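Undergrad: Structure in structure tokens, see below.
No value in this document is a laboratory result; all are computed from the given coordinates. Here the structure is a predicted model, which means the values were calculated and not measured. Using ideal geometry, Cβ is built from the backbone for each residue, glycine included, and neighbour counts are taken over all protein chains shown.
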Amino acid sequence: MTATTDGSTGALEPRAPSARTTTTTIPGASGVREAAARAAERSIAHLLGRQDAEGWWKGDLETNVTMDAEDLLLRQFLGIQDETITRATARYIRGEQRGDGTWATFHGGPGELSATVEAYVALRLAGDRPDEPHMARAAAWVREQGGVAACRVFTRIWLALFGWWKWEDLPELPPELIHLPPWFPLNIYDFGQWARQTIVPLTIVSAKRPVRPAPFSLDELHSDPRRPNPPRPLAPANTWDGVFQRLDKVLHAYHRVAPRRLRGAAMNAAARWIIERQENDGCWGGIQPPAVYSLIALRLLGYDLNHPVMRAGLESLDRFAVWRDDGTRMIEACQSPVWDTCLATIALADAGLPPDHPALVKAADWMLGEQIVRPGDWSVRRPGLTPGGWAFEFHNDTYPDIDDTAEVILALRRVRHPDPERLDAAVLRGARWTLGMQSANGAWAAFDADNTSSLPNRLPFCDFGEVIDPPSADVTAHVVEMLACEGKAHHPRTRRGIEWLLAEQEANGAWFGRWGVNYVYGTGSVVPALTAAGLPGSHPAIRRAVAWLESVQNDDGGWGEDLRSYREQEWAGRGASTPSQTAWALMALLAAGERESMVVERGILWLARTQAQDGSWDEPYFTGTGFPWDFSINYHLYRQVFPLTALGRYVNGEPSVGALGGEG
């Protein structure tokens, strides 16, 4: 049985390149090793120079201009505009516009309607006139794509806040959802943590239906301003889409007659839920969208901007801003210090840095201090499980994630810490929590166990990205690798994870990548995990993976994969070579025992050849995934840590990590 992938279709140009052969001359093995060692040495120096004094690393997390546009829209709605911020943000948004007037959601991607509308509106608020050439091009393209009516729901919500769209023409999201028990269909815990944190405050916004009259109209963004929202046909009543469309009509009718006391109690319960989940630094879940909607919801319930909750929330948003040397201001959707730190630690250790090196010990100290030892939303499904995971961000005790926990443990095991008992206790607690978060099918998801209901995806409200958190091959692989290194390769839960991974292999030999782009990431995660768990390089699944990676190597020796592979299978493993994706392929091939192959040598030489003098690599392409296709990420540290990991493993061999033992 093979894994299923996004079955949507739709041709995008240019077409995927075909497989090719090469006649590149390769120096002798000793020459390749020397080039790799020199590149690794430069990379080590570069990465050490980027470590914070507290011990952590963090690269910029770049997404798309909707983050920046919505920041300006929020400030407009709350009445807290700042001219300096507006100018710097507008300058950044203008700089991201493409020649055809559109904005894309990833480097080199096609124009995206909702992103273009939000960017256009933000620039209008910043003072750009609709008759300016760059604005006119954008508006013309929007009209050609169907206008505002064709945008996703979240974009139309933003427009409704200012009277540019009618609340009656949006799907209903009643706050009474907060009262549904966890066993009831479509309760808030059926949604993934990122969707849950966004939906709860939006139920308040949906109930209140606020309008802050805008200073201008947006007629130029409608295909037909006289009929801005033409009626949409109902799906057949015997389909899920038809059922939920009709349910939405019922909820709209309920909105008009909802008992005031019941609705008020629901909104107050939602407000308590929101406030209970505010982190110590004022953010919500360490990510920007829930913070934005939570602030709007609480403001609508009467919370003054000087209220401690509101003040802390607004201050937290400023920490998502990256001020650049060119005077622009970019908003990060999230910040990734725990993830970046554990990956940097692994890279430096595998590249030969002594395990008691001060930089590694300092990183381990910081990671140990970030372990989460209190229950969060995950405990709704696992009420008896002892906490012990790590989150992705600086502050996010409510939502530790399984992927970070696995990689942090792998990183900690590479460090010779002066307090080994403290480290062992943290690792043991983290490993036990991870084991307990296994889903019923034997695999692991990112944040929750068994978050697999298909119903949330059917809601008319949920037309953008993933709203559930099912298990994935990449997360499961990282867990299996960690458990194997902890002496649990033969633990029944580990074996179930391995069986699930083997069953999920694609017919072409690759694995789907949920949190990285895409099949190169999935394969680069799974093969090292399977070999760490004891599968030999001769295993048929590993040989198929090796053959696939060899078949998609680019002429220049590197690997790359375009985000279009999430929609079109012919793009699987195809795209311009990138440092991070080349490293993922090499990590898989090295784990499979292919160190002496010409394919590996060509990949290593590509990394050495493309390295900058300062030991870094450049990577404009987006190789991280938030939601497959819908929300893409450029982790600016990926281009540094993964190439160093691959180079280090080529020079020094596969890592040998100490194991706990005794519990397998």
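Undergrad: Points 7 angstrom from Cα along the Cβ direction at Asp169 and Asp356: gap in nanometres?
TA: For Asp169 paired with Asp356, the spin-label model returns 7.0 nm.
Undergrad: If I fit a long axis through the Cα atoms of helix 240-257 and take the longest principal axis of the Cα atoms of the chain, what angle between them do I get, 0 to 90°, rounded to 10?
TA: Computed tilt is about 40 degrees.
Undergrad: Turning to a different aspect of this structure: So, by mean Cβ neighbours within 10 angstrom, what's the order for 180-188, 396-404, 626-634 with the highest one leading? Walk me through the intermediate numbers first.
TA: Working: 180-188: 12.6, 396-404: 26.2, 626-634: 20.3.
So the order, starting with the most tightly packed, is 396-404, 626-634, 180-188.
Undergrad: Nearest 10 degrees is fine. How inclined is helix 113-125 to the longest principal axis of the chain, computing both from alpha carbons?
TA: Its long axis makes an angle of about 60 degrees.
Undergrad: By how many nm would the segment from Ile80 to Val373 lengthen if fully extended, with 0.36 nm per residue of separation less the alpha-carbon distance? Walk me through the intermediate numbers first.
TA: Details: separation 293, 0.36 × 293 = 105.48 nm, distance 3.69 nm.
Full-extension gain reported as 101.8 nm.
Undergrad: How big is the gap, in Å, between the Cα center of segment 46-91 and the Cα center of segment 126-172?
TA: 23 Å
Undergrad: Here's another thing I want to ask about it. For segment 158-214, which trypsin sites (Lys or Arg not before Pro) are both in a DSSP coil and crowded by at most 16 other Cβ atoms within 10 Å?
TA: Those satisfying the criteria are Lys166.
Undergrad: Next up: Across the chain, how many lysine pairs, 8 or more apart or on two chains, come within less than 20 Å at their alpha-carbon atoms? Write out the running numbers ahead of the final one.
TA: Details: Lys58/Lys362; Lys166/Lys208; Lys166/Lys249; Lys208/Lys249.
Step by step, the pairs that qualify in the chain add up to 4.
Undergrad: Rounded if a/c is under 1.5, else prolate if a/b beats b/c, else oblate: with a ≥ b ≥ c from the C-alpha gyration tensor eigenvalues square-rooted, which is segment 49-120? Could you put the intermediate results ahead of the total?
TA: On the way: a/c = 2.45, a/b = 1.28, b/c = 1.91.
The shape class here is oblate.
Undergrad: Take the alpha-carbon centre of segment 490-559, take the same for segment 311-388, and report the distance between them in whole Å.
TA: 27 Å
Undergrad: Could I ask something else about it? Taking R0 as 41 Å, what FRET efficiency do you get between Arg432 and Phe216 from their Cβ-Cβ distance, rounded to the nearest 0.05?
TA: Values: r = 57 Å, r/R0 = 1.40.
Computed FRET efficiency for Arg432 and Phe216: 0.10.
Undergrad: Using a simple spin-label model with points 7 Å from Cα along the Cα→Cβ vector, what separation in nm is obtained for Glu54 and Ser538?
TA: Modelled inter-label distance: 5.1 nm.
Undergrad: Multiplying the sequence separation of Ala237 and Trp323 by 0.36 nm and subtracting their Cα-Cα distance, what value in nm do you get? Can you show the working numbers first?
TA: Numbers: separation 86, 0.36 × 86 = 30.96 nm, distance 5.10 nm.
Full-extension gain reported as 25.9 nm.
Undergrad: Using a 7 Å offset from the Cα along the Cα-to-Cβ direction at both Arg98 and Ala140, what is the distance between the two label points in nm, to one decimal?
TA: In this crude spin-label approximation the distance works out to 1.6 nm.
Undergrad: Once you have the Cα-Cα distance between Arg416 and His490, take 0.36 nm times their residue separation minus that, and quote the gain in nm to one decimal. Present the calculation step by step, with values, prior to reporting the outcome.
TA: On the way: separation 74, 0.36 × 74 = 26.64 nm, distance 2.59 nm.
Length difference between fully extended and current span is 24.0 nm.
Undergrad: Also: Relative to the first principal axis of the alpha-carbon coordinates of the chain, what is the inclination of helix 579-591, with its axis defined by its Cα atoms, in degrees from 0 to 90 and to the nearest 10?
TA: Long axis of 579-591 versus the principal axis of the chain: about 40 degrees.
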